[in-house]
Amino acid sequence: MAHAFQTDDPHLRSIAEKVLAGKRLESDDALALYRSGDVLAVGWLANHVRERLHGNVAYFNVTRHINPTNVCVAACRLCAFGRKKDAPGAYTMALEEAWQTAASGYSEAITEFHIVGGLHPDLPFEYFLDLIRGLKQRFPRVHLKAFTMVEIAYLAKRAKLTIRETLEKLKDAGVDSLPGGGAEIFADRVRHIICDHKIDGDQWLETARLAHQLGLKSNATMLYGHVENDEDRVDHLLKLRALQDETKGFQTYIPLAFHPANTPLQHLYTTTGLRDIKEIAIGRLVLDNFPHVKSYWQMVSPKIAQIALRFGADDIDGTVVEEKIYHDAGATTPQGMRRQELIRLIKEAGRDPIERDTLYRPVSRTETSFTVSV
Ligand code: SF4
């Protein structure tokens, strides 16, 4: 660490003692972090934890997003991606099209497909099983990170199966792990405003619990910068931490900046850089049992993601190739980034870039093939 911890904020001193001693922060500490104006001191502490866990390493991956459909019954106010079936711009990929999409884009060998989409009222469960089976058959070495807890719960309802049965069938078909979306903010008051037709926070957590029990790792997100307050965010983080104590199934925490453009909440402001940085730092400090904290460059911009590597983040996500969900909500970032650009961002932050697979195993590669170290 280049310099000693310093702050004028008396609340941060007792927090610093806990962090330096490796002790757990409580909800009052988390609130004090949110209310502190000393972002550099908060960042110092988060960086301390990040370096204790990961040294100077920063991770990225070579991933391709596939969104099989944007047709969705939920009509969440936070969303610019979902469409009613007959609305302009609604699409659903035929299976062959989804498999072709998987093969398109950059020539670099992909190690992960990230597959999420809308809650389609008519697509049968068999479509999703076939989608996964077809991808596994065509790309047997590529990790399939597919379907949020929200999609899993909806597929279960449509197929008249339990959540556990649904997860088992998807796992048998080839799903390797789950992404972390749909968590938003767990507090009911907020969920009623931003996504009142989605499963509630307890159902999200229960679906994650079942996935972890079946050996499927997942990520966890928190959508911030809309109508939530400090207490709502602290509640969200502590619920994630409690479940992680129980299952140890979460790999990465990803705070997601809300993008209001083209949503019914477009009167709200976008998040500021300071808020984005602070959210990363607080996540790293409160979620002491999460191995990784990601600053997702698509959501906060490559510039902020790069700075976040000094404020608690150890991962900036990956190549993505074709991002649709946040670009429908006005994101101005590129839809994808080449591997060399990610490496440059990380190196200029003074970190050592490591390409990882979805399970954080180092990847060595040529452009068209890769080897995972196990
Ligand atoms: S956030 Fe997800 S569930 Fe909600 S409307 Fe958008 S696609 Fe549908």
Under the Kirkwood approximation for Rh and a Cα-based Rg, what ratio Rg/Rh is obtained for the stretch 1-50? 0.91
Name the cysteines of the chain that stand alone by the Cβ rule: no other cysteine Cβ under 4.7 angstrom. Cys72
Would you calculate a helix-derived [θ] at 222 nm for the chain, using -39,500 (n - 2.57) for each DSSP H run of n ≥ 4 and dividing by the full residue count, to the nearest 500? -12500 deg cm²/dmol
Debye calc, one equal point scatterer per Cα of the stretch 266-323, no solvent, log10 I(q)/I(0) at q = 0.12, 0.16, 0.21, 0.26 1/Å comes to -0.29, -0.50, -0.78, -1.03
Helix 339-348: angle to the longest alpha-carbon principal axis of the chain, degrees 0 to 90, nearest 10? 10
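So what is the relative contact order for the chain, in percent, with contacts set as C-alpha pairs under 8 Å and at least six apart?
Once normalised by length, the contact order is 22 percent.
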Over every pair of different alpha-carbon atoms in the stretch 205-287, take the mean of 1/r and invert it; report that Kirkwood radius in Å. 13.9
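Charges at C-beta only: +1 for Lys and Arg, -1 for Asp and Glu. How large is the resulting dipole of the chain about its Cα centre, in Debye rounded to 20?
Numbers: 47 positive and 49 negative charges, 119 e Å.
That gives the chain a dipole magnitude of about 580 debye.
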Taking H placed 1.01 Å from N in the peptide plane, check which residues at least 5 places from Gly118 or on another chain put their amide H under 5 Å from its amide H. Thr69, Asn70, Val71
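Would you kindly work out the equivalent ellipsoid of the stretch 234-365 from its C-alpha gyration tensor and give its semi-axes, the square roots of five times the eigenvalues, largest first in whole Å? Don't skip to the end; give the middle numbers.
Numbers: eigenvalues 99, 92, 39 Å².
Gyration-tensor ellipsoid for the stretch 234-365: 22, 21, 14 Å.
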In whole Hz, with x marking every Gly and Pro, tabulate ³J(HN,Hα) for the stretch 43-53 from phi via Karplus 6.51 cos²θ - 1.76 cosθ + 1.60, θ = phi - 60°. x, 4, 5, 5, 5, 4, 5, 4, 6, 4, 7
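Which percent, to the nearest 5, of DSSP beta bridges fully inside the chain are antiparallel? If you can, show how the numbers build up before the last one.
Details: 5 of 32 bridges.
That works out to approximately 15 percent antiparallel.
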Positive-end extreme of charge dipole, the stretch 111-218 - chosen from His143, Phe128, Tyr154 (charges on Cβ): His143
Calculate the translational D of the chain in whole µm² s⁻¹ from Stokes-Einstein, where the hydrodynamic radius comes from the Kirkwood formula applied to all Cα pairs, the temperature is 20 °C and the viscosity 1.002 mPa s. 103
If unit charges are put on Cβ atoms (+1 for Lys and Arg, -1 for Asp and Glu) and the dipole of the chain is taken about its Cα centre, the option from Thr166, Val39, Thr207 lying farthest towards the positive end turns out to be Thr166
Based on the mean of other beta carbon atoms within 10 Å per residue, what is the order of 231-240, 305-314, most packed first? 305-314, 231-240
Largest first, how would Trp204, Trp99 line up by accessible area (1.4 Å probe)? Trp99, Trp204
Taking placed amide H atoms and a strict 5 Å upper bound, the residues 5 or more places from Gly318 or on another chain that come that close are Asn61
Taking θ = phi - 60°, what integer Hz values does the Karplus form 6.51 cos²θ - 1.76 cosθ + 1.60 yield along the stretch 196-205, in sequence order, with x for Gly and Pro? 6, 9, 7, 4, 7, x, 5, 5, 4, 5
Each residue of the stretch 5-22 in order: what ³J(HN,Hα) in whole Hz does its phi give by Karplus 6.51 cos²θ - 1.76 cosθ + 1.60, θ = phi - 60°, with x for Gly and Pro? 5, 9, 7, 9, 8, x, 5, 6, 5, 5, 5, 4, 4, 5, 4, 5, 8, x
Can you tell me the 0 to 90 degree angle between the C-alpha axis of helix 149-159 and the longest principal axis of the chain, rounded to 10? 30
Binned at 10 Å from zero, the C-alpha pair distances of the stretch 1-113 give percents of 11, 25, 16, 19, 23, 7, 0
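The values are calculated or read from the model by the stated rules, or taken from the named source; none is laboratory data. Please read all numbers here as calculations on a predicted model, not as lab measurements. FYI the Cβ positions are ideal-geometry reconstructions off the backbone, even for glycines, and counts take in every protein chain you see. Areas reflect the complete protein model, heavy atoms only, side chains present, ligands, DNA and RNA absent. Shrake-Rupley method; radii C 1.70, N 1.55, O 1.52, S 1.80 Å.
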